Amino acid sequence: MGQFGLYRRAITLVNGDGVAHAAMEDDAHHFEVKISHDGSYIQSVTGAALRTPWTLCCDAVGLLDQFRGLPLAPDRDELRASVNFVEHCSHLFSLTKLLMRNIELRRPPTKFRASMAVGEYERIAMLERDGVCVLRWVLAGDLITEPAGYAGVTIRGLSSWARSNITSADTIELVLILQRAVMASNARAMNLDQVSDASKVNGLGPCYVFRPGFAERAGRVVGSTLDFSDEARDPLETRS
């Protein structure tokens, strides 16, 4: 896969009677999460790693059990006391948190679509919610240059900046969804099939497989990366 092109990610969140489902798919990943709950607390969390870049990614699914017993809306200290973020697959962790909030807010089925147009001089990131554009950034490298409210903030520093500068929980949620997509899009600059294991890759952020002692054993799943850049189909669409 070349350096330029269009990275795309889709996320779906669906609430049911005591059970909720989430799915995320992009170039390199396809994960699903299911939460059973009583309306206030999580009774169980299960997941599925349907397509992953590394052989050990699937092992992270079992760590989702750490969420069991938590309230659907824990404060940050409560969450950190029960769930160690750095041990988890970052995609499964963030998908679980998104689904928890979706349950808490009793939202109807929701679909997010994120994209990153990667060019030689600038990058344009966009996020849609249920078909409506809710966020758009222009970036030079990892620095957001537009719109003015985000100008000068780096992608890697965006989480802390957002929690300090944005009061709307809904807006913070959107910012974090698009930030994670932008960071994941960096993999388009690499041909991961040419590396043997995760220890040979730098700059993709913290995750289950990139920990010391794990990265060396996390072999590449050759051929697992797809390319949705031609927009002929969306991630999470059924494929024959």
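For His29, which of the numbered conditions (1) farther than 30 Å from Gln194 by Cβ; (2) of a type outside the set (Ser, Thr, Tyr); (3) surrounded by 20 or more Cβ atoms within 10 Å (Cβ to Cβ) fails to hold? For His29, the exception is condition (1).
Looking at the range 81-90, is at least one residue touching a helix residue (DSSP H, G or I) at 6+ places or on another chain (Cβ under 6 Å) and closer than 16 Å to Ala184 by Cβ? Taking every residue of the range 81-90 in turn, at least one turns out to be touching a helix residue (DSSP H, G or I) at 6+ places or on another chain (Cβ under 6 Å) and closer than 16 Å to Ala184 by Cβ.
Could you identify the single residue in Ser199, Ser224 that is under 19 Å from the mean Cα position of the chain (by Cα), of a type in the set (S, T, N, Q) and under 19 Å from Cys58 (Cβ atoms)? Show your work before the answer.
Values: Ser199 fails: under 19 Å from the mean Cα position of the chain (by Cα).
Selected residue: Ser224, the only one of Ser199, Ser224 that is under 19 Å from the mean Cα position of the chain (by Cα), of a type in the set (S, T, N, Q) and under 19 Å from Cys58 (Cβ atoms).
State yes or no: is Val175 open to solvent by 70 Å² or more (accessible area, probe 1.4 Å), out of contact with any strand residue (DSSP E or B) (no Cβ under 6 Å at 6 or more places or on another chain), within 30 Å of Asn15 (Cβ to Cβ) and at pLDDT 95 or above? If you could, list the steps in order and put the result at the bottom.
On the way: open to solvent by 70 Å² or more (accessible area, probe 1.4 Å): no; out of contact with any strand residue (DSSP E or B) (no Cβ under 6 Å at 6 or more places or on another chain): yes; within 30 Å of Asn15 (Cβ to Cβ): yes; at pLDDT 95 or above: yes.
It is false that Val175 is open to solvent by 70 Å² or more (accessible area, probe 1.4 Å), out of contact with any strand residue (DSSP E or B) (no Cβ under 6 Å at 6 or more places or on another chain), within 30 Å of Asn15 (Cβ to Cβ) and at pLDDT 95 or above.
Residues checked against (1) open to solvent by less than 20 Å² (accessible area, probe 1.4 Å); (2) more than 17 Å from His30 (Cβ to Cβ); (3) in contact (Cβ under 8 Å) with a residue 12 or more places away in the chain; (4) not in a loop (DSSP other than H, G, I, E, B):
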position: Thr171; (1), (2), (3), (4): no, yes, no, yes
position: Arg188; (1), (2), (3), (4): yes, no, yes, yes
position: Gly223; (1), (2), (3), (4): no, no, yes, no
position: Ser229; (1), (2), (3), (4): no, no, yes, no
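Table: residues versus (1) in contact (Cβ under 8 Å) with a residue 40 or more places away in the chain; (2) of a type in the set (Val, Ile, Thr).
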| position | (1), (2) |
| --- | --- |
| Thr46 | no, yes |
| Ala73 | no, no |
| Val83 | no, yes |
| Ser94 | yes, no |
| Glu104 | no, no |
| Pro109 | yes, no |
| Leu127 | yes, no |
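If the condition is being in contact (Cβ under 8 Å) with a residue 40 or more places away in the chain, under 30 Å from Ala117 (Cβ atoms) and out of contact with any strand residue (DSSP E or B) (no Cβ under 8 Å at 6 or more places or on another chain), then the range 208-221 contributes only Tyr208. Every test in (1) open to solvent by 10 Å² or more (accessible area, probe 1.4 Å); (2) more than 20 Å from Val175 (Cα to Cα) is passed by Glu104 save one, and that test is (2). Residues being open to solvent by 40 Å² or more (accessible area, probe 1.4 Å), modelled with pLDDT of 95 or more and not charged (D, E, K, R) are represented in the range 113-126 by at least one member.
The values are calculated or read from the model by the stated rules, or taken from the named source; none is laboratory data. A quick note: this is a predicted structure, and the numbers were derived from the prediction, not measured. Quick reminder, even Gly has a Cβ in these numbers, built from the backbone with ideal geometry, and neighbours come from all protein chains shown. Surface areas here come from the heavy atoms of the whole protein model, side chains and all, with no ligands, DNA or RNA. Shrake-Rupley method; radii C 1.70, N 1.55, O 1.52, S 1.80 Å.
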